[in-house]
1. Yes or no: Ala84 open to solvent by less than 40 Å² (accessible area, probe 1.4 Å) and in contact with a Pro (Cβ under 7 Å, 6 or more places away or on another chain)?
2. Which of the following residues is open to solvent by 40 Å² or more (accessible area, probe 1.4 Å) and modelled with pLDDT of 85 or more: Ile282, Ile214?
3. Could you count how many residues in the stretch 134-150 are in contact with a helix residue (DSSP H, G or I) (Cβ under 8 Å, 6 or more places away or on another chain) and open to solvent by 10 Å² or more (accessible area, probe 1.4 Å)?
4. On the basis of being at positive phi, in contact with a strand residue (DSSP E or B) (Cβ under 7 Å, 6 or more places away or on another chain) and open to solvent by less than 10 Å² (accessible area, probe 1.4 Å), does Gly127 make the cut?
5. Is it fair to say Ala179 is surrounded by 14 or more Cβ atoms within 10 Å (Cβ to Cβ) and either touching a Ser or Thr at 6+ places or on another chain (Cβ under 9 Å) or outside any loop (DSSP other than H, G, I, E, B) (or both)?
6. Pick from the stretch 329-349 the residues that are open to solvent by less than 30 Å² (accessible area, probe 1.4 Å) and modelled with pLDDT of 80 or more: which of them is nearest to Leu287 (Cα to Cα)?
7. So for the stretch 201-212 (the condition being in contact (Cβ under 8 Å) with a residue 40 or more places away in the chain, part of a loop (DSSP other than H, G, I, E, B), on the phi < 0 side of the Ramachandran plot and among the charged types (D, E, K, R)), does at least one residue qualify?
8. Among Arg367, Arg437, Arg407, which is modelled with pLDDT under 85 and either open to solvent by 90 Å² or more (accessible area, probe 1.4 Å) or on the phi > 0 side of the Ramachandran plot (or both)?
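The values are calculated or read from the model by the stated rules, or taken from the named source; none is laboratory data. Remember, it's a predicted structure, so these values are computed and weren't measured experimentally. For neighbour counting, all protein chains shown are included, and Cβ atoms are generated from backbone atoms with ideal geometry for every residue, glycine included. These accessible areas exclude ligands, DNA and RNA; they are computed on the full protein's heavy atoms, side chains included. Shrake-Rupley method; radii C 1.70, N 1.55, O 1.52, S 1.80 Å.
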Amino acid sequence: MKVIGAWFGGLLQMKELDFFRRYQGCVLKICSILLLGAVLLSGGLVSAAAGEGPVVVVTIRGEIDGGQAALVQKALTAAKDNGATAVLVEIDTFGGMVDAAVKIRDMISETTVPTICYIKNRAWSAGALIALAHKHIVIAPGGSIGAAEPIPTTEKTVAALRAEFAATANKTGRDPKVAEAMVDKSLGYPGFAEPGQILALADYQAVKVGYAEIVATDRAAVMARYGLSEKPVLEYSQGWPEKLAGWLSDPAVKSILISIIVLAVLTEIKTAGMGIAAVFGIVAAVLFFGGQWMSGLAGWTELLLFIGGVVLVIVELTVPGFGFFGLAGIACILFSFFLALGADLTAVNLLAASLAGAIVIFLIIVRRLPSSRLWRHIVLHDAETTQSGYTSGLDYEAYLGREGLTRSPLRPAGIMVLDEQQLDVVSEGQFIPPQTRVTVVNVSSNRIVVRPVKEE
């Protein structure tokens, strides 16, 4: 800019250039704009040239769940590792789990790779939130987006999801009022939905309100629209790990797994470590946290809380106490479940249902198992009883009232000799020196209490 200014200053020294002297401010501004535009254009060309990697294509089809979240996470990781030019997300879904959709939304918003959403048929409910996270949206002929009223439709769930939609739309440069009307039917949107009607946009309507850039018939048209036709394609679809993660993220499956884990903990505490219940609990915990981990819905915090809780329960089983370690361990385990389930009202309801199921089953087991055929096969019924002639140790009752001689000082415990047999004894609290005659005054199990003999 200094060079340009000096050049114009030199020109202004010339008498014949009165025009430049008069309009020097305007000329300088125009040159500055042109120079800045050239710099930005060259930067954009460099950026475009730098994206020489493939186009990663990932298809979200069917119910949004943990498996879809795991799939998107895998695709975005591959895009970053391969230096992808762009990520094309093809959506065809009626909706699904909100927590999984929010996780996918966050992953798309945070990635540094440009993303394009292609709505092949529909992006309803949770699918609409995922679509809004993209900077570019393309919709197929006959496609639609919206209809995102949450179930259950409570004031709290509507307010929370409406805020998520509005914030996502605002971040990607779209009218947040349209997104809010997709969630809250009380709002409506003039010309498209009356108050009391939930908003859903057809293909041409989405283009009109800025919620889609174009209507494209197929993937090739989308690729051509953004200059990606010549790029190689890496396509990702659900494999068995993602399908397993999706199955494990089902609320009913998660509830059953939590019930098994809680039931295993209660059984271990009741039986003081039988071991069989622990095996079932460990397997259920691996499945539960493994599914949540694959879906990206749980991290180290939840896992460490659960492991810490298990350790505290083990301490309770091995160290005599008043139940503090056991209660603290159960609290850590339950809190880890709460966080892993999303830390919301749905998590509370799911956790409550799982606990109720586990407690009911545990009470049935406690009541029925001792008389069941299975219990008779795994429990030893033979016992060495006193009626059968067995004793648990020596019978010291015979020494009651007899006298002996202390061999060591009693402080208050020590050794006495009675009938040429050494016995561990204890005084009534006083010190008794060695070689003192004592009388056995009390016997309780293997505890012998003695008292010095009074000399006449």
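1. Against the criterion (open to solvent by less than 40 Å² (accessible area, probe 1.4 Å) and in contact with a Pro (Cβ under 7 Å, 6 or more places away or on another chain)), Ala84 qualifies.
2. Ile214
3. Qualifying residue count for the region: 6.
4. No; evaluated as a whole, the condition is false for this residue.
5. yes
6. Checked the stretch 329-349; the qualifying residue nearest to Leu287 (Cα to Cα) is Phe337.
7. Checked the stretch 201-212: no residue is in contact (Cβ under 8 Å) with a residue 40 or more places away in the chain, part of a loop (DSSP other than H, G, I, E, B), on the phi < 0 side of the Ramachandran plot and among the charged types (D, E, K, R).
8. Within the list Arg367, Arg437, Arg407, the selection yields Arg367.
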